[in-house]
Structures are given as structure tokens and as C-alpha cells.
There are 2 protein chains.
Amino acid sequence: METKIQLKESDMPRQWYNLAADLPNPPLPPLGPDGKPISPDMLAPVFPMNLIEQEVSTERWINIPEEILGLLYRWRPTPLKRAVNLEKHLGTPAKIYFKDESVSPPGSHKPNTAIPQAWYNKQFGIKRLTTETGAGQWGSALAFACKMVGLECKVFMVRISFDQKPFRKLMMATWGANCVASPSNETNAGRTILKEMPDTPGSLGIAISEAIEQAVTDKSGKTRYSLGSVLNHVMLHQTIIGLEAKKQLKIAGEKTPDVVIGCAGGGSNFAGLSFPFVADKIAGADIEIIPVEPKSCPTMTKGPFAYDFGDTACTTPLMAMYTLGHAFIPPPIHAGGLRYHGMSPLVCQTIVEGLMTPRAYHQLKCYEAAITFASTEGMICAPETSHAIAATIDEAIKAKEEGKEKIILFNYSGHGLMDLTGYDAYLSGKLSDYSLPDDDIKKYTEPLKQFPPAEKHKTGKW
Amino acid sequence: METKIQLKESDMPRQWYNLAADLPNPPLPPLGPDGKPISPDMLAPVFPMNLIEQEVSTERWINIPEEILGLLYRWRPTPLKRAVNLEKHLGTPAKIYFKDESVSPPGSHKPNTAIPQAWYNKQFGIKRLTTETGAGQWGSALAFACKMVGLECKVFMVRISFDQKPFRKLMMATWGANCVASPSNETNAGRTILKEMPDTPGSLGIAISEAIEQAVTDKSGKTRYSLGSVLNHVMLHQTIIGLEAKKQLKIAGEKTPDVVIGCAGGGSNFAGLSFPFVADKIAGADIEIIPVEPKSCPTMTKGPFAYDFGDTACTTPLMAMYTLGHAFIPPPIHAGGLRYHGMSPLVCQTIVEGLMTPRAYHQLKCYEAAITFASTEGMICAPETSHAIAATIDEAIKAKEEGKEKIILFNYSGHGLMDLTGYDAYLSGKLSDYSLPDDDIKKYTEPLKQFPPAEKHKTGKW
């Protein structure tokens, strides 16, 4: 039995899968400042029109251009691996498979969308992309993609991460990107904040504002902004993960998985693996699909489904999603990629439909799972990924208790080699758990009542 | 055309290749303190007998136990990749292939020997391994292997690296190893040094002395020492790289490569790729085989072939090799893995036979090559690996000038994600080149004349 199932490049999917085509009820539209659905044109100063078309598309399959495939070949297709040593350790009858997205040069699933975004921008005549990054996963993925495609790249990195996590910044520099600490002196948004709070550690919200401002104020019209999660076209590009996994499970002789698991911050790695299986579930397959989030930032498990801004600076359209409120600032856990107040509207509508069952975990349990994985499979995962592993272990133990030979599939979204300080904090007993109090959730979500209500369109047959 | 050639686990080599069986003249024997060849028994306090048997074996093929194969499956077989983007960038008619050894959990080729060494020790009833590490590549590989096999692991890490490179130490901790700064208070060797020089930055020589002392003084007899390069059994375990590469080139429809390249510090990644091709060359194939070293530590290109100690503390047997003298301390270049005064005796005998043509490069040229590789193939290599890439680029340009469609194969021995400070130093113009002056070489190698002369057994038909 092979423990790694490899596809050939020639077997890679030639189309992305668009879940919007199959959801019983489509996601609610984003709303503009006037409370009315925005038109594609209104996004044109921020994104190129070819990506906006993907954003609003309801076509089921969207062709992947040959040139993008050529760029993805640098690391795709990624291996599907069977965690035989973890299975043995747990004594479970379940078969545990994981899609190893850590093999990309930046070390995560992020380049799956960074590459197409850079390519479509270049096709549209754009010369330069701006973006924000927190811990640096997304910034380094876009830096990589821009270098491969031939675009300039400007990254606004939250100052506290810029200072504390120099390695990600150095990766970006190696790929020729210009990474600055945010708030910076380069934008009005940055200068205003610096004047008020010269010692601010920065925030993702501020960094987004700076990146968008620099994109829309470039008079040449050759600069656009790029976002690494949340949006529909990002979820679309990531579906290559699940489409590959399906082919690989078939090669392994397995049936449709019983359980599909991914960690979810903005939702992209989880959607990438799970959306092709959501299609199977809509068609009648019996699959439990589990997005996992931290208890300290329990968007899907505790937040209301409401219209809210995507950023703290209130510059984006209003999106219908589970949210803890745009003003909520998650505690500084090590899983930086899961610190987001909202969630992909496509993922949220899928939850509303009852097609997914979100779950939240404490970080100590997640680090324990990460150490178990490193001790059995030998791989050191990203702190975000540890949430998927914790849920996988729980499901494998449940399968053991039930005596069922379940197929469990999870997304190994990234490695933890740039995040070892989190392991250090855990191993030296410096970490603790934190549950977001219900009063806090109420405080931050109460103001959302000023926005139009987000009706829960739910078919409810699952 | 596929740019990545994958083997199945079932296609992995089932035997290691022992070059000692085919070399026209065998390497000279290691000598004891009395100047006479040492017997296997004399190594028994340091290594387990099953590894000593491999060390002295002249069998051509040595079976890989099934259990070791099972452990190697965690990341092997590794992909053979074609650097199509680098080829295009250089405009060369050459086809450039590289074996990607960076996909192992510790990020380099080192676990190829760490896993078998840990397994053979466990078979022999050993409970605990000790070793030394400089920058941390080897220490983290042995920590990983011991965790996978079920042994305790103790690593003495050179103090300056321990303080300056915390990430490698955290990897070791994640795999449960005990890593201490050397010199430590745990050994006589360490205490003596600390008393004389309390502020010493440490050295590999001191760390080796501490690791060996702790192994041989354990009264339970259950501790042994492990070395990550130089020795014959280490080269043997690494040959899985070249054996896989041969099968993969065949799948790709290629003939025997024209040029085989690897960086060489102690010699193990280079030997691993090249030895199976040395066998072809002995059998008549026309292959240029190039070990690449730094000009600041030019062991093979400037050192005499002489008997010398393997460590600065003079605790090992005398080995016949190219050497800059055991007292020579290489300058602190970023390619820490290439800072070794000596070289694998098996590699050295192969050079003596004229079967290899060593080459030395300056570090600025190597970093330039690393940036070119990151900008085309997207991968950020280890500073050591950049030496192989620099030579590969030179060979590809030469092929262009000659108008020949050569097959060039090099070993991508490791990724550079833990070494980004070196890139930072290069990109910010803080690095410079350094050639070791001939007078220095003379000074450090003059004392070797006190040892028995190392006769150059050379057939010379290549």
C-alpha cells in the first residue's frame, strides 16, 4: 500500500469548481454604502475586471488557463498522504488522509490563488499589486506569485508582525517584493494613524486600508489590490485542492470520504478542500464537513449571520456572513491566520444550508494535536493547521468507539517552520486557553443591527 | 512533458550502493593513535556493531531493511524536478534536473542517514544517541529520526548557533530532543573549556568531544554517538538519492547525465547523488562529476591529501583525506554545512582516482545563483545548496556556448527557510568574498607531516 498518492501534472484538474452554481440558495449579494447590491463596476478600481467576473460568476466550471497550469506545476499537484503512523498511534479503524499543501515554495495553500490573481492582473495590463499581510503567509505567497508572473509587489505588513517575525519579510525580499511596516508614511490612512498613535502595533484593518488606498490612488491605473481569502474568486482558485484529492482518493481505491475537515480563518483552505465534496453532499452523499476555528475567535460557532464590513476600517462592501463584528480584535493567538472577525460568504451560506457543521477548539488542545502529529508523522504543522488535526484526531477516536472504518480527509494547509516560537511557547507552558465571553460577542455584534438584515436562506434537507 | 518525476514507494531502491566495492583502489584505512589501522572493535564504544560492519563493508549492495523503508516513506521517494524555468531564463539547450531533498520534514537530505542510524542503534539495544550540530541541520534530522524510531536524543549545539539560530533548536524540541549549548557543564570536555574560556562561542570540535564523551561514559552501555557526514556508512545511506534519480531519469526518457553536481562539506549529499553515477563512470560512461565547495574553505581544491583527525579536538582516528588541517577554523560564512576542514575519505579517494573534478566558488556568486533560482523556479535554497546551483548555471551556460543539449543533474540538498538571515545579509550588501590565503593553508597543514603519509593510490584512466 502506498502512503503517498501522487498525480501527474497531466492529471491535474483543468477547471476550477464554483460552488455558487450548485448551492440551493445563492449567497446574499454584497451591499454598497447605500444599502443596495453593488455592481461589478464599483469594484473596478480595486480589482481587474477578469477577476471581478469570476467573483460574480455562477458558472459551475471555470477553465484554468494553460499558462496558469504551467505556473502551478512548480509545486502542484500536491501529494495526498495517508497518516498511517497517526492511525496506528490512535489505534483507530479509520483511514486518515491529508492533502499536503505545505509543499509550495511559500509553505502553504495560499499560492493556489496568488498565482492566478497575479496572472489575471498581468493579463489585464496591471503592473503592480498591493496587499496586506498579518503573520506573513499571504504576503509571501503574493510576493512569490508576482515574481513568477512578472509583477511588482507591495506588501503592508502589520507592524507588530513586521518587527517580531522577520523571516516572512525576508522571504518576500528574496522574491523581490517591497514589504513595509503598517501603518506606514506612504498613505494618508497610515499617516493619519501614525499622527494619532505613533506607537501603534498596527492591525490587519489598517494594513488593508493602506493597500487599497495605494492601489486606487495610482494615477497610472496600473496598480490593483489583491486579497488572499474571503472572496468568491479566492475560494474558486482553491478548489483545485479538493478536485485533486478526489482523483487521488479514487486512485487509492477509496470511496467518498465520511468526514472532510479543514481549519477556517477567512475560509480559503477549507473551502478549497471541501467545496468539491459539498457538491457530492448536495447530490446525496453522506459526508460530514467540518470547518474548525479557535474558541478565542468563534466566528462560525458563536457569531450571528449578518451583514458586516470585511475590514475594521469599514472600506469594503457589506457582506452577509457569520461575524463577530468588524470592530472585534481577536486575541493574539499563534494561529494568526485564524484571527478574522468574519468568514467567506460562500462558506457561510453553505453553513446556513446545513451542509457543514463548524466546530471550535482551544489552542492547547490544538498544540497537543500538533505535537502528536510531529511525533508520529514527523511533520511540523502550522498553528492554523493544528486545528484541523485536532478535529481529525477526535473524529478518528470517535470512529474507534463506533468501530467504523471511516475515511477521514483533512487539509494540511501549511508547515510550521516559520512559526516555531508558538511551539516554544506551548512546550514551555506559556500558553493558556481563552474563550471569547458572550458579552463581548454581544457588544461587538450589536452595532450590526444598523445594517440591512441578512436573511437565512436555508433549504434544510441535510 | 512532466516537470516533476515521481517514483512510487514500491519503486524505491531496496538496496544501498557501496562505492567501496567498485573503486579501483580502496580508501586508505583509518589509523589509531599508534599509527596502525584500527580494528572494528576499537569503534565499538562509539558506534553499534551493525553500523561498524557497514562502515568497513566492501559488499557492493547492502539490503535496506523493510522497517527502514517504512520510515523513509514519510517523505521518500523524493521528486526529481526539471528546472524548465531556469533553462528558459538562461537560454540554454541543456536540460537541468535536480533531486529535491528539501521535502523531508527537517528540510534536507540528512534524515536519509539519521533514520537508518537510529534504527540500527535501536536494533542493537541502544536507548539514546548523542551528537553535535553546528547550524542545526544535522541535529534536527537526528532529533526527527530518534522520535520516529523511539530513542532519546541529545544534541550539543555550538553555542554561537544556539544563541543566534533559535529556530533549529525549537525544531529539535518539537521532536522531543534535548538540545544544549556547547560547551556545556555536562561533560569534562565542556567544563574544562568553560573554565578556561567562559565566553567562548564554541566550535564543532568541542561539541563532537562532548557528544562522544557522553556516549562512551554512559555506564549502562546504552548510549552511542551518531555522526551526520564523512563516514562510509553515512555515504552508503545517502546513495538512495542517486539510485532514485537514476530510475527517474529513465522514466523521463533521458540517457546517463553528462554532468552531476553537488555541494560538499563533509560530502554526504554529494556522495549520495553522485556515487551511483561514479559506478557508471568506472564502467566507461562519460560523466563529469563535480563536488562544489566554498573558496573560503577550499578543502578539495587547495588542501593536501593527508592523514588527519576528523575533529579539532583530535579524538577521532586519523583518516586519509583532503584536509586544511584539523586546527583550521573556517570563516563564519552562511553555508555552515560547508565549513569543515576535511572531507569524506570515500569522496577523497574518488577524487584521487580522477573520477571527480572539485570546484570552489565565492559566496557572492552562490547567493546570486540562489536568487536566480528563487526568481525562476520559485524555491529558496539552503546556502549550501546555492553552491551546487552556481556550478549548474555555469555548466548550463557552457552547454549554450558549446551548443550541446547536455543533461545536467544536481542535488537540491535542502531549503533555506531557516537560513533567511543569510539572504538578508546578501540582499543588503553586507556580504563579501574571502579566499583562504595559501600561507594559512600551509600553516595549518604543515603539522600533518607528523602523521604517516597518505599515499595517493591512483589508476588514472579517467
Legend entry - Accessible heavy-atom area order of A:199, A:424, A:439, A:258, highest first, probe of 1.4 Å: A:199, A:439, A:424, A:258
Inset, instruction - Please report, to two decimal places, log10 I(q)/I(0) for segment B:339-410 at q = 0.12, 0.16 Å⁻¹ as given by the Debye formula with identical point scatterers on the Cα atoms and no solvent. - result: -0.41, -0.71
Legend entry - Percentage, to the nearest whole number, of Cα pairs in segment A:36-195 over 29 Å apart: 33 percent
Inset, instruction - Please work out the Cα center distance from segment B:280-301 to segment A:68-139, rounded to the nearest Å. - result: 37 Å
Legend entry - In segment A:143-232, chymotrypsin sites (Phe, Trp or Tyr not before Pro) in a DSSP loop with at most 14 other beta-carbon atoms within 10 Å: none
Legend entry - Rg over Rh [alpha-carbon atoms, Kirkwood Rh] for segment B:377-440: 1.07
Inset, instruction - Treat each spin label as a single point 7 Å out from the Cα along the C-beta direction, and report the residue A:127 to residue B:185 distance in nm. - result: 6.3 nm
Legend entry - Shielding by partners, peptide A:162-171 (average Cβ within 10 angstrom, other chains): 3
Legend entry - Label spacing, shortest first and in nm, from residue A:36 to its equivalents in the remaining copies (7 angstrom along Cα→Cβ): 10.1
Legend entry - Members of A:4/B:247; B:122/B:147; B:302/B:443; A:169/A:295; B:81/B:246 lying beyond 21 Å, as alpha-carbon distances in this model show: A:169/A:295
Legend entry - Sorted largest first, extent of chain B alpha carbons per principal axis (Å): 62, 49, 46
Legend entry - Accessible surface of residue B:208 - all protein chains present, 1.4 Å probe, nearest 10 Å²: 20 Å²
Inset, instruction - Would you kindly work out the equivalent ellipsoid of segment A:249-377 from its C-alpha gyration tensor and give its semi-axes, the square roots of five times the eigenvalues, largest first in whole Å? - result: 26, 21, 11
Legend entry - Nearest-10 value in Å² for the accessible area of residue B:56, using the 1.4 Å probe: 80 Å²
Legend entry - Environment charge at residue B:436 (Cβ cut-off 10 Å; Lys +1, Arg +1, Asp -1, Glu -1): -1
Inset, instruction - Only bridges with both residues in chain B count here: give the DSSP antiparallel percent, nearest 5. - result: 35 percent
Legend entry - At 7 Å out from Cα toward Cβ: residue B:10 inter-copy label distances (nm, ascending): 2.0
Legend entry - Contact order relative to length of chain B, as percent, for alpha carbon pairs under 8 angstrom and 6 or more apart: 19 percent
Legend entry - Accessible heavy-atom area order of B:457, B:387, highest first, probe of 1.4 Å: B:457, B:387
Inset, instruction - First compute the accessible area of the protein assembly as shown with a 1.4 Å probe, then give the percent of it belonging to carbon and sulfur atoms. - result: 52 percent
Legend entry - Across chain B: Cys residues that no other cysteine approaches within a C-beta distance under 4.7 Å: B:179, B:263, B:297, B:314, B:348, B:366, B:381
Legend entry - Per-residue average of Cβ from other chains inside 10 Å of A:417-424: 5
Inset, instruction - Consider a paramagnetic label point 7 Å from the Cα of residue B:329 along Cα→Cβ; state which residues of segment B:130-157 have an amide N under 16 Å from it. - result: B:134-135
Inset, instruction - Note down the magnitude of the dipole of the protein assembly as shown about its Cα centre, charges +1 on Lys and Arg C-beta and -1 on Asp and Glu C-beta and zero elsewhere, to the nearest 20 debye. - result: 500 debye
Inset, instruction - Report the accessible surface area buried between chains B and A, summing both sides, using a 1.4 Å probe on protein heavy atoms only, in Å² rounded to the nearest 100. - result: 3400 Å²
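From the Cα trace of segment B:420-462, what convex hull volume per residue do you get, rounded to a whole Å³?
Spelled out: Cα convex hull of segment B:420-462, divided by residues, is 192 Å³.
Hey, what did segment A:184-281 get for relative contact order, percent, Cα under 8 Å, at least 6 apart?
23 percent
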Inset, instruction - Indicate, rounded to the nearest 5 percent, the antiparallel portion of the DSSP beta bridges found entirely in the protein assembly as shown. - result: 35 percent
Legend entry - Dimensionless Rg ratio for the protein assembly as shown, taking C-alpha atoms and the 2.2 N^0.38 Å reference: 0.96
Legend entry - Residues of segment B:168-198 with amide N under 18 Å of the 7 Å Cα→Cβ point at residue A:421: B:168-174
Legend entry - Listed residues B:197, B:157 arranged by accessible area, highest first, probe 1.4 Å: B:197, B:157
Inset, instruction - Take the alpha carbon gyration tensor of segment A:335-462, find the square roots of its eigenvalues, order them as a ≥ b ≥ c, and report rounded if a/c is under 1.5; if not, report prolate when a/b exceeds b/c, else oblate. - result: oblate
Inset, instruction - Shortest first and in nm with one decimal, please list how far the residue B:401 label point sits from its counterparts in the other copies (point 7 Å along Cα→Cβ). - result: 7.1
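Count charges around residue A:318 for me, please; just the other residues with Cβ under 12 Å from its Cβ, Lys/Arg as +1, Asp/Glu as -1.
Surrounding charge for residue A:318 is -2.
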Legend entry - Sequence-separation-based contact order of segment B:335-429, relative, with Cα cut under 8 Å and 6+ spacing, percent: 27 percent
Legend entry - segment A:166-205: proportion of alpha-carbon pairs further apart than 16 angstrom, %: 43 percent
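The values are calculated or read from the model by the stated rules, or taken from the named source; none is laboratory data. Since we're looking at a predicted model, the values are computed, not measured. Every residue, glycine as well, gets a Cβ built from its backbone with ideal geometry; the counts of neighbours run over all protein chains shown. Only protein heavy atoms, including side chains, enter the accessible area calculation; ligands, DNA and RNA are left aside. Shrake-Rupley method; radii C 1.70, N 1.55, O 1.52, S 1.80 Å.
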